[in-house]
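The values are calculated or read from the model by the stated rules, or taken from the named source; none is laboratory data. These numbers come from a predicted model, not from an experiment. Here the Cβ positions follow ideal geometry from the backbone for every residue, glycine too, while neighbour counts run over all protein chains shown. In case anyone asks, the SASA skips ligands and DNA or RNA and just uses the protein heavy atoms, side chains included. Shrake-Rupley method; radii C 1.70, N 1.55, O 1.52, S 1.80 Å.
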Amino acid sequence: MNTKKINSKTTKMIAHRGLSGIERENTCSAFVAAGNRSYFGIETDIHVTADGGFVIFHDDNTARVGLDSLVIEQSTFQTLRNLQLTDIDGKRGRSDLRIPALSEYIGICKKYEKTAVLELKNRMTKEQIAAIVSEIESLEYLERVIFISFSFENLLDLRVIRPEQTAQFLTEQYSEELLEKLQKENLDLDILYTELTKDRIEKIHAKGITLNCWTCDDPVWAENLADWGIDYITSNILE
């Protein structure tokens with residue numbers, strides 16, 4: 001098993017949920033697999049647990065990748081840490097496949113010198129966002145973190161906490177009104193890749209907005225995006 005190699009030109013490649021095309025998504029195994037390859041960054045998702053902990057997980061519920069059905073935000077940190085996840089074949093059997101803590105994810109990014117692309121899942125409080133920032137700062141890696149979120153409010157709170165922190169708004173839909181909004185708040189863009197054209201990429205860059213896209217596993221699309229000058233491509237398997 002290996003990645004699909006493309007000519008990414010000057011575009012930086014981001015491993016989506018770690019190298020999730022090969023390892024179980026959002027596990028230390030997926031992060032190490034990405035760390036050992038040429039990726040610029042490793043993307044993941046963070047939730048707040050019922051007792052105020054921070055865990056790395058995508059869904060709101062563990063059933064899809066953990067068999068047992070636990071609601072992340074209604075479960076304690078230790079309960080979630082005790083859950084053994086399935087491998088990519090949908091079966092349990094590897095004791096190393098657990099839900100990572102924020103510190104483990106950041107530690108792997110730091111060891112392999114990868115930029116951490118961290119999605120703030122769901123709407124968080126300003127205090128929760130501040131606590132995440134503080135923990136990463138204590139690990140001496142905040143300058144290598146790009147925050148992303150579908151919640152514009154999360155990013156506005158981040159702007160108050162760290163006005164210059166790199167942050168990208170996640171969206172499925174392009175609009176020129178959105179570009180004005182991002183420019184006003186000094187935010188970059190992470191958009192569904194099929195929404196992009198050469199003309200749109202030029203318009204985004206003309207506003208001074210750095211551009212990422214999700215989640216492109218099509219080599220032809222990805223090489224077109226690189227030819228058009230996109231800054232980042234987030235992918236499960238392309239390298």
**Fill in**
The condition from (1) open to solvent by 10 Å² or more (accessible area, probe 1.4 Å); (2) more than 18 Å from the chain's Cα centre (by Cα); (3) among the hydrophobic types (A, V, I, L, M, F, W, C) that Ile108 misses is numbered (2)
**Prompt:** Does Ser151 count as free of Cβ contacts under 8 Å to residues at least 24 places away in the same chain, farther than 29 Å from Thr3 by Cβ and either touching an Asp or Glu at 6+ places or on another chain (Cβ under 8 Å) or polar (S, T, N, Q) (or both)?
**Reply:** no
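Mind checking which residues of the range 71-88 are in contact (Cβ under 8 Å) with a residue 60 or more places away in the chain and either open to solvent by 10 Å² or more (accessible area, probe 1.4 Å) or in contact with a Ser or Thr (Cβ under 6 Å, 6 or more places away or on another chain) (or both)?
So in the range 71-88, the residues in contact (Cβ under 8 Å) with a residue 60 or more places away in the chain come out as 85-88.
Those that are in contact (Cβ under 8 Å) with a residue 60 or more places away in the chain and either open to solvent by 10 Å² or more (accessible area, probe 1.4 Å) or in contact with a Ser or Thr (Cβ under 6 Å, 6 or more places away or on another chain) (or both): Asp87, Ile88.
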**Message:** Being without any contact (Cβ under 8 Å) to a residue 60 or more places away in the chain, surrounded by fewer than 22 Cβ atoms within 10 Å (Cβ to Cβ) and within 15 Å of the chain's Cα centre (by Cα) is the filter here; which residues of the range 54-64 pass it?
**Reply:** Asp59
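Give me the residue from the range 116-127 that is open to solvent by less than 60 Å² (accessible area, probe 1.4 Å) and either free of Cβ contacts under 8 Å to residues at least 40 places away in the same chain or out of contact with any Ser or Thr (no Cβ under 7 Å at 6 or more places or on another chain) (or both) and, out of that set, nearest to Asp190 (Cα to Cα). Don't jump to the end; show me each part of the working.
Looking only at the range 116-127, we keep the residues that are open to solvent by less than 60 Å² (accessible area, probe 1.4 Å), and these are 116-121, 124.
Narrowing the set further to residues that are either free of Cβ contacts under 8 Å to residues at least 40 places away in the same chain or out of contact with any Ser or Thr (no Cβ under 7 Å at 6 or more places or on another chain) (or both) leaves 116-117, 121, 124.
On the way: Ala116: 14, Val117: 11, Lys121: 14, Met124: 19 Å.
In this case the residue turns out to be Val117.
Matching residues to (1) in contact with a strand residue (DSSP E or B) (Cβ under 9 Å, 6 or more places away or on another chain); (2) among the basic types (Lys, Arg); (3) surrounded by 15 or more Cβ atoms within 10 Å (Cβ to Cβ); (4) farther than 20 Å from Leu120 by Cβ:
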{"position": "Ile42", "(1), (2), (3), (4)": "yes, no, yes, no"}
{"position": "Gly52", "(1), (2), (3), (4)": "no, no, no, no"}
{"position": "Gly66", "(1), (2), (3), (4)": "no, no, yes, yes"}
{"position": "Ser69", "(1), (2), (3), (4)": "yes, no, no, yes"}
{"position": "Gly90", "(1), (2), (3), (4)": "no, no, no, yes"}
{"position": "Ala101", "(1), (2), (3), (4)": "yes, no, yes, no"}
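A quick yes/no check of all residues on (1) over 13 Å from Asn26 (Cβ atoms); (2) in a helix (DSSP H, G or I); (3) modelled with pLDDT under 95:
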{"site": "Val55", "(1), (2), (3)": "no, no, no"}
{"site": "Asp68", "(1), (2), (3)": "yes, no, no"}
{"site": "Leu83", "(1), (2), (3)": "no, no, no"}
{"site": "Asp89", "(1), (2), (3)": "yes, no, no"}
{"site": "Arg92", "(1), (2), (3)": "yes, no, no"}
{"site": "Lys110", "(1), (2), (3)": "yes, yes, no"}
{"site": "Val117", "(1), (2), (3)": "no, no, no"}
